[in-house]
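Novice: Got a structure here, written out as structure tokens. Questions coming.
The values are calculated or read from the model by the stated rules, or taken from the named source; none is laboratory data. Note that the coordinates shown come from a computational prediction; the quantities given were computed from them, not determined experimentally. Neighbour counts run over all protein chains shown; Cβ positions are idealised from the backbone, glycine included. Each accessible area value is taken on the protein alone, full model and side chains, heavy atoms only, with ligands, DNA and RNA left out. Shrake-Rupley method; radii C 1.70, N 1.55, O 1.52, S 1.80 Å.
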Amino acid sequence: MASRRKPALSITILYGIATALTAAMAMPAAIETFRGRSDAWASVTPRVDARELGARVAAGERVVFIDVREPAEFAEFRIPGALAMPLRTLYTCDLSVLDGADLVVAYCLKDFRGFEGSKTLIRRGIPNVAVIDGFGIKTWKKQGLPVAGTFNGKSDAEARAELMAFVGGGS
Amino acid sequence: MTQLVNHHLTVSPAHRSLLGRRTLAASVAGGLVVLPLGVYLWAIGPLGYYIGSEFPAGQSAYIMMRPAGHIAFGLVFIQLVLGMHARPIGRWLGLASMAPLHRRLGLVTLWFVLLHPLLFVWARSLRSGQFDFIVTFAPNPLENYWERMLFVGALAMYALIFGVVAALYGPRLAPRYWRVVHSVNVLAFGLAFWHAISVGSETRLQPVEALHWAMAVSVCALLILRFARAASERLRGAEDRSS
């Protein structure tokens with residue numbers, strides 16, 4: 001009889017750990033859901049409108065786009081001139097390529113990874129880090145701005161020329 | 001046996017050895033889950049950051065989705081090991097049957113496998129301001145690479161649900177064949193591995209990547225061992241019948 005009770009204790013511990021982990025994982029999102037949206041984060045990581053970014057690129061500012069997605073995603077479509085730096089590489093890679101940048105914009109599809117990328121860049125001391133207002137390359141595309149990649153067969157140079165024309169046309 | 005039952009009077013060497021083996025097993029199993037979580041915590045920085053409001057909508061749910069995935073993957077691996085070699089492992093751990101542990105751990109595993117995409121749905125819904133579950137539960141593999149890998153993960157989840165339901169109801173409905181259907185969980189592991197290695201945030205950071213590959217290779221080796229054991233038992237049975 002005593003040996004039959006032992007599995008029950010370990011099962012209770014197992015269920016208890018699972019419940020505690022679930023509660024711990026759900027808690028931040030639950031707090032966020034009930035507290036409602038807040039834009040306080042934008043004071044730390046500014047949001048910049050996609051078209052404004054395009055205009056700043058066209059004006060000759062050194063805006064460096066960091067694509068934190070996987071290489072296969074980067075190859076499919078990307079903001080023209082973006083650097084492929086998957087999120088997992090941002091923690092330790094050499095960031096000297098960002099020296100002197102007027103603005104550094106980390107992005108992904110909807111900026112879940114993009115925001116983590118921007119947070120990592122700030123943590124590593126990179127100044128002037130921002131994210132795309134509306135989040136990610138999806139917003140960039142939704143606003144009609146051109147992308148390069150295998151999906152549309154455009155090179156970075158072609159897409160960049162299109163960006164200059166698009167921004168210059170003011171459409 | 002009497003010595004084990006009366007452990008509160010004396011701790012016999014046999015009991016001490018059993019406790020040691022169980023502690024070792026629990027530590028190894030725990031390590032498989034804790035190691036990726038350690039790398040995750042190193043990657044994201046202070047976790048308390050996500051209790052405040054200094055992040056865009058949905059970011060906290062997205063951040064918590066990642067450890068849920070690590071835990072789920074580790075548990076699926078443990079379940080495969082326990083399931084494929086239940087008898088020798090049960091003997092080593094001094095358990096009369098692995099079934100109760102395997103069943104209950106299986107439910108916990110399924111829970112974390114579901115929690116991973118549920119947190120992602122929560123994240124996407126908070127980010128977009130509307131309930132957004134299609135991309136998570138019915139991704140389009142033709143859309144782009146990322147959605148293709150989400151599709152692989154979704155397939156893994158559905159295969160696992162199917163395998164677990166087979167184990168829950170199969171013994172009653174199809175006592176001869178439910179194990180065959182339940183073994184779809186091996187396929188689920190393979191798909192989950194592909195999904196994790198392709199789009200996981202920590203799964204290409206060492207030592208998590210090495211651990212994932214070690215788990216995948218182990219599952220292949222254990223499968224081969226399982227088939228070899230089953231074949232040798234069948235051969236022995238055939239020889240016994242013929243003699």
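Novice: Starting with the highest mean, order B:141-147, B:170-176 by the number of other Cβ atoms within 10 Å, averaged over the residues of each peptide.
Specialist: In decreasing order of mean packing, B:141-147, B:170-176 become B:141-147, B:170-176.
Novice: Compute, for segment B:147-233, the length of the dipole vector about the Cα centre, with Cβ point charges of +1 (Lys, Arg) and -1 (Asp, Glu) only. Units Debye, rounded to 20.
Specialist: Working: 7 positive and 4 negative charges, 77 e Å.
Here the size comes out at about 360 debye.
Novice: May I pose another question? Calculate the mean, over all residues of peptide B:60-66, of how many other protein chain Cβ atoms lie within 10 angstrom of the residue's Cβ.
Specialist: Per residue, the number of nearby Cβ atoms from other chains is 6 on average.
Novice: So what's the net charge close to A:ARG78: Lys and Arg +1, Asp and Glu -1, counting the other residues with Cβ under 12 Å from its Cβ?
Specialist: In short, -1.
Novice: So what is the accessible area of chain A per residue, in Å², with the probe set to 1.4 Å?
Specialist: Details: 7870 Å² over 171 residues.
In whole numbers, chain A has 46 Å² accessible per residue.
Novice: Something else: Placing +1 at every Lys and Arg Cβ and -1 at every Asp and Glu Cβ, with all other atoms neutral, what dipole size does chain A have around its Cα centre, in debye to the nearest 20?
Specialist: It works out to roughly 980 debye.
Novice: Now for a different question. Given the rule -39500 (n - 2.57) for each run of at least 4 DSSP H residues, summed and divided by the residues of chain B, what is its mean residue ellipticity at 222 nm, to the nearest 500 deg cm²/dmol?
Specialist: Details: 10 runs with 189 residues, N = 243.
Only helices count here, giving -26500 deg cm²/dmol.
Novice: How far is helix A:2-35 tilted, in degrees, relative to the longest principal axis of the Cα atoms in chain A, given as a value from 0 to 90 rounded to the nearest 10?
Specialist: Long axis of A:2-35 versus the principal axis of chain A: about 30 degrees.
Novice: While we're looking at this one, here's another question. Just tell me how shielded A:19-31 is by partners: mean number of partner chain Cβ atoms within 10 Å of each residue's Cβ, no decimals.
Specialist: Details: counts 2, 0, 10, 8, 0, 3, 14, 8, 4, 12, 14, 3, 5.
Rounded to a whole number, the mean comes out at 6.
Novice: Quick check: the distance between the Cα centres of segment B:118-171 and segment B:179-222, to the nearest angstrom?
Specialist: Centre-to-centre distance over Cα atoms comes out at 17 Å.
Novice: Just check the protein assembly as shown against the gyration tensor rule for me: Cα atoms, a ≥ b ≥ c as the square roots of the eigenvalues, rounded for a/c under 1.5, and otherwise prolate or oblate depending on whether a/b exceeds b/c.
Specialist: Values: a/c = 2.64, a/b = 2.05, b/c = 1.29.
Prolate, since a/c reaches 1.5 and a/b exceeds b/c.
Novice: Once you average over the residues of A:106-116, how many Cβ atoms of partner chains fall within 10 Å of each Cβ?
Specialist: Values: counts 0, 0, 1, 4, 9, 5, 13, 4, 1, 7, 9.
Rounded to a whole number, the mean comes out at 5.
Novice: Once Lys and Arg get +1 and Asp and Glu get -1 on their Cβ, which of B:ASN144, B:LEU95, B:PHE55 lies farthest toward the positive end of the dipole of chain B?
Specialist: Going by the Cα projections, it comes out as B:LEU95.
Novice: Collect residues whose amide H, placed 1.01 Å from N in the peptide plane, falls under 5 Å from the amide H of A:LEU83; neighbours closer than 5 in sequence don't count.
Specialist: The list, which skips near neighbours in sequence, is A:PHE65, A:ILE66, A:ASP67.
Novice: In addition: Which residue, chosen from B:HIS195, B:LEU155, B:LEU75, occupies the Cα position most advanced towards the positive end of the dipole of chain B, where the dipole is computed from +1 (Lys, Arg) and -1 (Asp, Glu) charges on Cβ about the Cα centre?
Specialist: Farthest towards the positive pole: B:LEU75.
Novice: Continuing with the same structure: Under 17 Å from the Cα of A:LYS142, which aspartates and glutamates turn up, not counting those fewer than eight places away in the same chain?
Specialist: Within the straight-line cut-off, A:LYS142 pairs with A:ASP49, A:GLU52, A:GLU76, A:ASP111, A:ASP133, A:GLU162, B:GLU143.
Novice: Please work out how much accessible surface A:ASP99 shows to a 1.4 Å probe, ignoring ligands, DNA and RNA, in Å² rounded to 10.
Specialist: 100
Novice: Please give the charge dipole size of segment B:16-164, origin at the Cα centre, charges +1 on K and R Cβ atoms and -1 on D and E Cβ atoms. Round to the nearest 20 debye. Can you show the working numbers first?
Specialist: Values: 11 positive and 4 negative charges, 174 e Å.
Taking the Cα centre of segment B:16-164 as origin, the dipole is about 840 debye.
Novice: Run down the lysines and flag those whose C-alpha is under 19 Å from the C-alpha of A:LYS119, throwing out any fewer than 8 positions away in its chain.
Specialist: A:LYS110
Novice: For segment B:61-136, what % of the accessible area comes from carbon and sulfur atoms, probe 1.4 Å?
Specialist: Working: 2070 of 2950 Å².
Using a 1.4 Å probe with all protein chains present, segment B:61-136 comes out at 70 percent carbon and sulfur.
Novice: Determine the sum of side-chain charges near A:LEU98: Lys and Arg each +1, Asp and Glu each -1, restricted to other residues whose C-beta is under 11 angstrom from that of A:LEU98. List each step's numbers first, then the result.
Specialist: On the way: positive: A:ARG62, A:ARG124; negative: A:ASP94, A:ASP99, A:ASP102.
Net charge in that neighbourhood comes out at -1.
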